[in-house]
Amino acid sequence: MTTRDLLLTAVQAADDKKAENIVALNMKGISLIADYFVICHGNSDKQVQAIVREIKEKVEEKGLDVKRLEGFDEARWVLVDLGDVVVHVFHRDERSYYN
């Protein structure tokens, strides 16, 4: 799977769970951490967790592992490290705070 395929899988999974304001940032040459950042938000703790679960499930269906998952229990700002793609799933209130 290419990095672009991984990016599209994460974005589609987030969209499937009605994530809002999905943004994909090309970080190539800017960040040493990842080639892409995906930023989106959900409107409740449960929706944030559903978005993250869907991303994890879809990536694992493609035979890849989530390298790191942080913030899931609190569901305010969840970081999903997929290697070359890092997904930030915010709760709506946190996203507007950090803007």
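The values are calculated or read from the model by the stated rules, or taken from the named source; none is laboratory data. Predicted model only: the values in this text are computed from it and were never measured. Note that we place each Cβ from the backbone using ideal geometry, even for glycine, and neighbour counts take in every protein chain shown. To get the accessible areas, we keep the full protein, side chains included, count just its heavy atoms, and leave off ligands, DNA and RNA. Shrake-Rupley method; radii C 1.70, N 1.55, O 1.52, S 1.80 Å.
One table, with the values for the structure above:
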{"item": "Whole-Å semi-axes of the ellipsoid equivalent to the stretch 40-98 (Cα gyration tensor, √5λ, descending)", "result": "20, 11, 8"}
{"item": "Global size of the stretch 1-44 as Cα Rg and Dmax, reported in angstrom", "result": "11.2, 34"}
{"item": "Ordering of 79-90, 2-13 by packing [mean C-beta count within 10 Å, highest first]", "result": "79-90, 2-13"}
{"item": "Separation of the Asn99 and Lys62 label points, Cα + 7 Å toward Cβ, nm", "result": "3.3 nm"}
{"item": "Pairwise FRET efficiency - Ser31 versus Arg53, Cβ, R0 = 22 Å, nearest 0.05", "result": "0.30"}
{"item": "Equivalent-ellipsoid semi-axes of the chain, from the Cα gyration tensor, Å, largest first", "result": "19, 15, 12"}
{"item": "Lysine pairs meeting the criterion (Cα under 19 Å, 8 or more apart or interchain), as found in the chain", "result": "11"}
{"item": "The chain - accessible surface per residue (Å², probe 1.4 Å)", "result": "59 Å²"}
{"item": "Rounded D (µm²/s) - the stretch 18-62, Kirkwood Rh over Cα pairs, Stokes-Einstein at 37 °C, 0.692 mPa s", "result": "277 µm²/s"}
{"item": "Rounded tilt (10° steps) of 3-16 against the dominant C-alpha axis of the chain", "result": "20 degrees"}
